[in-house]
Amino acid sequence: MSDSSGVISKSVSQKIGKNIAACESSLELLKYLNSLLINDYGCDDDEAQTKNVEELYDKFKLQLTKWDEKKDSKKQQFADHSSEADWKSCPFCSQRNWQQIDNDLWRLEQWLQKAESEQKTQQTPPSNIEELEDIIQDHREFLLNLDSHKSIISSLNIIGEHLALHTSDTAKAQKLRKRLADDNRRWELICQHATTWQSRLHNSLIGNREFHKIINEFNVWLEDTERKIKHFEPVDLSSEKSVMESKFMRFKELKCEIERCEPRVISLQENSSQLLKSSSNDQIAKETFTKLTDLSVKLQSLRRLTALYVIKLGAVLGYDEAFINAPLTASQFEQIGSSSSSVRTLAQSENLQDAAEGEDDINYTVLTRSYRFLGRVIRASLPIQALMLVLLGACALIPIPNSDEGGYSCLLTNTFGRTMEPILRYRNGAPPT
């Protein structure tokens, strides 16, 4: 079980640890079954074997205490009989690991300081439900951050104790242990304050009238919505077009209302679920959590049902996908509730309006800008082109003088204007034929 130095071997320690975990899980299962038999099935203590379960739990605690004492004694023996050479040969006791644990402890202490400063600002929960929701959301994020640092501080305690145990510098080991003890004490205070603050938030949420009023209003609205859906059912796709158009607009209106209310219900459920589930003995909290859960499930079911009706009716009526999925405008909400002919007129007018707006966009935006651009180009280019033509024509009409004879060369003379006149003789001979 142990070597010559008195240290428990690693394989034996792992095997015992697995057995302890298996025993602990079995005892937890026995306790759960015992409570299930007593609370749900009405069994008494004799039938549920309560006494035997408690005796097994006490035996397990006794054996676990003996194992912890044996481990502590082996550690002490190792600390008393290990030599300095053994400490230096340990791969975990290098100077690099000392620096690493110092940096990790510094980062942990910075977070502890930040957490303590945040908790100092937590005085009294507000009565306004929106402000209370924000504070509950902040508390949820703080608990997630707290849980992520739990494994960090646990590993630092294990590594720090190992380094303090294997170092030959007693002052350094005492300093590290004192630092770990202070951080553990601050950690425990932060956890206790978080538990207290969560309890206060729970009491404030349960006693908030506005919170219960919102839940009741949502339940009333949901019942009214269910009645409306049942009133328009069944949906017959072979009925008259006017009837299908009326039902299409009604289901579309209900779908939009459900989509607007669903995020609010989800927000209430997410923010209050942890507080409502934390107190297992509070009947009001259980009922409130059940109401929110049922409300969220019903909203999801109604949203899917109305969306299915809208898609089917829209496909039969020949509406495009953009119109089916588009939310209703304010004018459409005002016109809903009139006769089926007005609903049909609304759909047709919207299609015509979209087409007219499309034509207006083409005629008065794209073409107008194109014409204006072309006009500016023509006005800027025509004077320049005219001037270039005039200069080209003037250059063609000017004769070029001959420098040798001091006169003008007939070869370079523009004779285009006299090509139709008769010529009696050629100055430089007849042209080649």
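Overview of values
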quantity: Extension gain from Glu47 to Asp182, taking 0.36 nm per residue of separation minus the Cα-Cα distance; calculated: 43.7 nm
quantity: Gain upon complete extension [Ser199, Ser148; 0.36 nm per residue less C-alpha separation]; calculated: 16.2 nm
quantity: Extension gain from Ala21 to Ser273, taking 0.36 nm per residue of separation minus the Cα-Cα distance; calculated: 87.7 nm
quantity: Reference-scaled alpha-carbon Rg (2.2 N^0.38 Å with N residues) for region 209-337; calculated: 1.26
quantity: Approximate spin-label separation Ser35-Gln119, in nm, with each point projected 7 Å along Cα-to-Cβ; calculated: 2.6 nm
quantity: Calculated FRET efficiency for the pair Asp224/Tyr57, C-beta based, R₀ 51 Å, to 0.05; calculated: 0.45
quantity: Positive dipole terminus of region 222-276, leading residue within Ser239, Leu275, Leu222 (C-beta point charges); calculated: Ser239
quantity: Rounded FRET efficiency, nearest 0.05, which uses the C-beta distance separating Arg260 from Ile284 and R0 of 45 Å; calculated: 0.95
quantity: Residues listed by number, region 203-219, amide nitrogen under 17 Å from Ser127 label point at 7 Å toward C-beta; calculated: 203-214
quantity: Calculated diffusion of region 260-309, Stokes-Einstein form, Kirkwood radius summed over Cα pairs, 37 °C and 0.692 mPa s, µm²/s; calculated: 282 µm²/s
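Here, each number is a calculation from the coordinates, and none is a lab measurement. Note that the coordinates shown come from a computational prediction; the quantities given were computed from them, not determined experimentally. Every residue, glycine as well, gets a Cβ built from its backbone with ideal geometry; the counts of neighbours run over all protein chains shown.
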